[in-house]
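Enquirer: A single structure is presented below for examination.
The values are calculated or read from the model by the stated rules, or taken from the named source; none is laboratory data. Just so it is clear, the model here is predicted, and its values are computed rather than measured. Here the Cβ positions follow ideal geometry from the backbone for every residue, glycine too, while neighbour counts run over all protein chains shown.
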Amino acid sequence: MDELEGLECLIALSELDARKRELDALAAALPAELEKRENELDARQEELDQLQRVLEEKQRERRRLEASVDDKTQLLAKYRAQLESVKTNKEYQSLQSEIKVTREQISDTEDKLLELLEGIETTRRSIDERRRGLEELRAEVTRANEEARARLRDVEVQLVEVEEKRERLIPTLSQPVRAGYVRLFERYQGGAFAVVADGVCQGCYVNIPAKVVADLRSGAKLYRCESCGRFIFSVVPD
């Protein structure tokens, strides 16, 4: 293989490696994207479950207050019945006092019960809204996840294709060139090459000797910039 072919192979390898890096990033991001959506669903479900627990607690309190009103109503009826059998004024006044207190307790409990019933209705409406929102979100997440999984399968297929092409290219390069390329690719995050324009390396903006520029234009030899180390090639002016 001549130097020009070696440069062309290196450029092709660089393009494949850049594409592989891009695909690897996508392959890593897509599962995280799926997990993020699932976590959002779980959080919304937990909010709904918490509201349901609040409603259940309010329902228990409603039953307790209703039982208290029933008990005090029965007690009030008992006091009223006792009024008919009292024999002294003191007993009568005592019962009237008990009746007054019991009525006030019933009234207070009924006020609390009314407020609680309003809260129950508000919580029910909120639960219905959250449930509808959760169902809509679940449908959206299902659709988005199906699309993401399809993209992931496509990415995995493309990765296999890129790997196969890389495996065919790598053996065509000498070990020193291949090792140098790998170090440059990692160092410059894929930018292992630089164009020489007007006698200047466009990677580090250092002047390139005229003889090297001439060799680059003829494709006679594979060069690396003495300053940045990148493989360099020339663009022939129009």
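Enquirer: Could you tell me which of the residues 29, 43 is under 30 Å from residue 182 (Cα atoms) and of a type in the set (A, V, I, L, M)? If you could, list the steps in order and put the result at the bottom.
Expert: Values: 43 fails: under 30 Å from residue 182 (Cα atoms).
That would be 29, the only listed residue that is under 30 Å from residue 182 (Cα atoms) and of a type in the set (A, V, I, L, M).
Enquirer: Determine which single condition residue 216 fails, assuming it passes every other condition in (1) surrounded by 19 or more Cβ atoms within 10 Å (Cβ to Cβ); (2) at pLDDT 85 or above; (3) more than 30 Å from residue 25 (Cα to Cα).
Expert: Result: residue 216 passes all but (2).
Residues checked against (1) in the same structural domain as residue 44 (by TED's automatic domain parsing); (2) within 55 Å of the chain's Cα centre (by Cα); (3) within 30 Å of residue 44 (Cα to Cα); (4) modelled with pLDDT under 95:
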site: 85; (1), (2), (3), (4): yes, no, no, yes
site: 102; (1), (2), (3), (4): yes, no, no, no
site: 107; (1), (2), (3), (4): yes, yes, no, no
site: 116; (1), (2), (3), (4): yes, yes, yes, no
site: 123; (1), (2), (3), (4): yes, yes, yes, no
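Enquirer: Applying the selection to segment 56-76, what residues are in contact (Cβ under 8 Å) with a residue 40 or more places away in the chain and either surrounded by fewer than 16 Cβ atoms within 10 Å (Cβ to Cβ) or of a type in the set (Asp, Glu) (or both)?
Expert: Let us first name the residues in segment 56-76 that are in contact (Cβ under 8 Å) with a residue 40 or more places away in the chain, namely 58-59, 61-62, 65-66, 68-69.
Within segment 56-76, 59, 61, 66 qualify.
Enquirer: Residues that are of a type in the set (Lys, Arg), assigned by TED's automatic domain parsing to the domain that holds residue 128, loosely packed, with under 15 Cβ neighbours inside 10 Å and touching a residue at least 24 places away in the same chain (Cβ under 8 Å): does segment 20-29 have at least one? Walk me through it before giving the result.
Expert: Residues of segment 20-29 that are of a type in the set (Lys, Arg), as a first pass: 20-21.
Narrowing further to those that are assigned by TED's automatic domain parsing to the domain that holds residue 128: 20-21.
In the following step, the residues that additionally are loosely packed, with under 15 Cβ neighbours inside 10 Å were identified as 21.
Filter again for touching a residue at least 24 places away in the same chain (Cβ under 8 Å), leaving 21.
Checked segment 20-29: at least one residue is of a type in the set (Lys, Arg), assigned by TED's automatic domain parsing to the domain that holds residue 128, loosely packed, with under 15 Cβ neighbours inside 10 Å and touching a residue at least 24 places away in the same chain (Cβ under 8 Å).
Enquirer: Could you grab me the full set of residues in segment 188-208 that are touching a residue at least 40 places away in the same chain (Cβ under 8 Å) and within 19 Å of residue 16 (Cβ to Cβ)?
Expert: Initial filter on segment 188-208 (touching a residue at least 40 places away in the same chain (Cβ under 8 Å)): 188, 190, 192-193, 195.
Hits for segment 188-208 are 188, 190, 192, 193.
Enquirer: For residue 144, all conditions in the list (1) surrounded by 11 or more Cβ atoms within 10 Å (Cβ to Cβ); (2) part of a loop (DSSP other than H, G, I, E, B) hold save one; what is the number of the exception?
Expert: Answer for residue 144: the failing condition is (2).
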